[in-house]
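Notes follow once the structure below has been shown.
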Amino acid sequence: MPSQVVYVKDKHTKLFIPGPTEVKKEIIEAMNEWMFGHRSSTMTDLFTTITEDTKKFLGTDHHVIILSASGTAFMESSVMDCVDKNVLCSTCGSFSNRMADIAERLGKNVDRLDYEWGTAVKPEDVREALEKKEYDAFTCVMNETSTGIRNPLEEIGEVMKDFPDTMFLVDAISALGGDYIDIDAHGIDVIYTSVQKAFAMPPGLAVCVVNEEAYQRSKNASSGSFYAGLAKNIDYYKKKGQTPSTPAISLMIAYRAQMKRMLEEGHKARSQRHLDMAEYTRGWAKKHFDMFPEEGYWSQTVSTIANTRDLKIEELRQEVNKKYDMLFSNGYGKQLKEKTFRIGHMGEHTLESVKALTDAIEDVAGM
Ligand SMILES: Cc1ncc(COP(=O)(O)O)c(C=O)c1O
């Protein structure tokens, strides 16, 4: 069922949903440029700038791919390129389940390391499962947007180092850029995101970081993705500084401007701003409601709050939208709708903007 919330043209509804998130006006306006050919030197300059700036921002020496697609493209291609037969998928909510579904659809042998919604993937369970059977890859979501869980990726990465033939494939779609991770230090082979989340861009681009082992695996794969293929995109970049097929040029122009802003702020400072917002939201949630996910694993970019007051969340959401032009999210799917609600505090948000939302909720709910 689509949401009941009505968007009014030209009205700025401030988005506290976990993506798409707020985009600066100047970034939207940056797209207002004449087109140029995707095989021109102007394109090479644009594409190499955004690719190298992204490496700088993320602090990685690995390969970076920027693709005109949403992040799901890399969920698919990372499995296509890195998994021959067996893959272990940790599942702890809707998006990690999607990963396992994709792998099944691609005809891979999928084992699920399954957790109840709201609980986190545990490194010792990953070790136990990997000791029992050989897998080409293990998949994990960094931030399960449906439940508000931040998985202990760094600790899981330390386990993965003991299984060098098993690729560590990470969906960081609702975390990267808003939750610091040292990509090169934790045994991560592939990690990807979508720009409409903590990168605070209009949707339409996905970013993937690929280490040398995953690049080689992709290069030697007997079959793999063409459009979002890892080695395919990396090789084209190495050779030409461009993309194999026509990219979303306007979005890339906006990306160049936004990445400059992100570089000015810095990865760690950006992460700290997100942590400040998360801590404030958790405090507010505990005062008035309760946090839904397992303690110790609370997301830094989206807080999932248990509806302990039995409020009518959809009505509250609509009323806050109508009165304050702010939009937060209901709980995810059949399991969590009305039982929880979610505040996305990522991208451009600040403590002040998040406080304005919680004030608005208090006012409308009469708290
Ligand atoms: C954790 C996670 N994975 C995957 C996706 C899908 O991303 P996209 O819609 O950019 O393909 C989302 C979107 O919300 C997400 O939060």
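The values are calculated or read from the model by the stated rules, or taken from the named source; none is laboratory data. Bear in mind the structure is a predicted one, so any value in this text is a computation, not a measurement. Here the Cβ positions follow ideal geometry from the backbone for every residue, glycine too, while neighbour counts run over all protein chains shown. Calculation scope for accessible area: heavy atoms of the full protein, side chains included, ligands and nucleic acids excluded. Shrake-Rupley method; radii C 1.70, N 1.55, O 1.52, S 1.80 Å.
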Condition check for GLU362: farther than 30 Å from TYR255 by Cβ and open to solvent by 30 Å² or more (accessible area, probe 1.4 Å): yes
Hits in the stretch 303-336 - residues which are surrounded by fewer than 17 Cβ atoms within 10 Å (Cβ to Cβ) and on the phi < 0 side of the Ramachandran plot: THR308, ARG309, LYS312, GLU314, GLU315, GLU319, LYS322, LYS323, LYS334, GLN335
The lone exception for ASP179 - which of (1) surrounded by fewer than 24 Cβ atoms within 10 Å (Cβ to Cβ); (2) under 26 Å from MET262 (Cβ atoms); (3) more than 16 Å from the ligand (Cβ to nearest atom) it fails: (3)
Selection from the stretch 280-303 of residues that are over 12 Å from ILE343 (Cβ atoms) and among the small types (Gly, Ala, Ser): GLY283, GLY296
Residue within the stretch 226-235 that is in a strand (DSSP E or B) and without any contact (Cβ under 8 Å) to a residue 60 or more places away in the chain present: no
Selection count, the stretch 236-268, where residues are assigned to a helix (DSSP H, G or I) and either more than 24 Å from the chain's Cα centre (by Cα) or under 20 Å from SER194 (Cα atoms) (or both): 23
Residue match in the stretch 4-19 (condition: touching a residue at least 24 places away in the same chain (Cβ under 8 Å) and of a type in the set (Asp, Glu)): no
Residues located in the stretch 64-91, provided they are away from the ligand (no atom under 16 Å from the Cβ) and either within 22 Å of ARG270 (Cα to Cα) or not assigned by TED's automatic domain parsing to the domain that holds GLY229 (or both): VAL64
Test: MET99 is at pLDDT 95 or above, open to solvent by 30 Å² or more (accessible area, probe 1.4 Å), within 16 Å of the ligand (Cβ to nearest atom) and within 17 Å of MET167 (Cβ to Cβ): no
